[in-house]
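These notes are about the structure you will find just below.
Taken together, the values in this text are just the output of simple stated rules run on the coordinates, not laboratory data. Everything numeric in this text was worked out from a predicted model, so none of it was measured. Cβ placement follows ideal geometry from the backbone for every residue including glycine, while neighbour counts extend to all protein chains displayed.
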Amino acid sequence: MASLIALFPNVIEVLQYVEEDGDNGFSRTQATGILSYLKTFDFVMYLHLMFHILQVTDLLSRALQKKDQDIVEAISLIRGTKQLLQTFRESGLDPLLKKMYSFCQANGIASLDMAEYYKKNGRRRTNITNRHYYEFDIFNTVVDMQLQEFGDRFSEVGTELLKNIAALSPCDSFSWFNVSDLLELSKFYPYDFDCMEMIALEKELNMYYVIVCQDERFADLSGIAELARLMVDTKKHKTYPLVYRLLKLALVLPVATATVERCFSAMKIMKTDLRNKIGDEFLNVALICTIEKEALLDVTSDDVVSQFQKMKTRRTQL
């Protein structure tokens, strides 16, 4: 979108060329339709609105795609992005309109007076003003959709879970360590911690914190993965088995969540309208091939032919 905003005059020029000198009537007609829409105030509104939303969420999106995920930083980015979206929802329309008017003036697009009555296709629609339409029917609707989607993806329970996991972080000499948060974390796993273990966990956490803070080997760790490895190397996973169990659960959670997300994403790709009657067995095989692409790189064509031949007796060898 940044490129479209920056190169908008060039895009218009190319479309005008296609409109006049296109190879066929279809391309010329298509260029005419696109040109007419690009020069509308509605398009300018959606362009700048979505561009701002993508700017706000870009940093969080990039952070969540990193392989070495920092949970503490992810939590702060989630909360910060939520706050910025909410602030934009409450007071972002006027600055956005200012940018839109400037863009329209620079590119020869007719601007609208927000105090006038809203017209659709040249006809007055209702007694609402342009300001009312663009604020409530477009601006608020789009931003509310983003906030709702954001809330579904990063619910309060999920954010609280991440905050509790962050209490295990050894960064900055265990500065995020908090016994209360870790006890709350254990409550998310009632099948892994019974009542007696919950009581023992609090005492074990207090002792664990005192010991690791005094041990120089635990001073410069960068994440819970390194902490788990060092606990095994120093045999502390046997001394503090409940703490180590929490570590394992914290390490498994992102992997399990990412695996489920990958499966649903792959299912959307595989089960299209043309494959709406796909069988379960074939769907499973297709999903495995889609999800485990890296593992399948080691499988040769000869391996596939050999496996196919072994499935049952055939008249001739392939």
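Worth pointing out:
- For the residues I12, I199, I269, a GNM of the chain with alpha-carbon springs under 10 Å puts the largest fluctuation on I269.
- Acute angle (nearest 10 degrees) that the helix 156-166 long axis makes with the longest principal axis of the chain, alpha-carbon atoms: 50 degrees
- Set of lysines with alpha-carbon distance to K66 below 25 Å, sequence-local pairs under 8 removed: K82, K163, K248, K268, K293
- The stretch 170-256 pair-distance distribution - Cα-Cα, 5 Å bins, rounded %: 3, 13, 27, 28, 19, 9, 1
- 0 to 90° range, to nearest 10: angle between helix 41-64 axis and the chain longest Cα axis: 10 degrees
- Sequence-distant aspartates and glutamates (8 or more away, or on other chains) whose Cα lies within less than 18 Å of K238: D192, E197, E202, E204, D215, E226
- Gyration tensor (Cα) of the stretch 39-154, equivalent ellipsoid semi-axes in angstrom: 33, 15, 11
- Inter-label distance for F103 and E90, nm, one decimal - labels placed 7 Å from Cα along Cα-to-Cβ: 2.5 nm
- Loop-exposed trypsin sites (Lys or Arg not before Pro) per DSSP, neighbour cap 11 Cβ within 10 angstrom, longest uninterrupted part of the chain: 68-234
- Going through (1) 75, 47, 35; (2) 60, 41, 37; (3) 76, 71, 35, the figure that equals Cα extents along the principal axes in Å as computed for the structure here is (3).
- Cα long-axis angle, helix 301-310 against the chain (0 to 90 degrees, to the nearest 10): 70 degrees
- In the chain, Cα pairs under 8 Å separated by at least six residues give a relative contact order of 10 percent.
- Extension gain from T57 to D137, taking 0.36 nm per residue of separation minus the Cα-Cα distance: 26.6 nm
- The calculated FRET efficiency for the pair A225 and D23, based on their C-beta separation and a Förster distance of 45 Å, comes to about 0.20.
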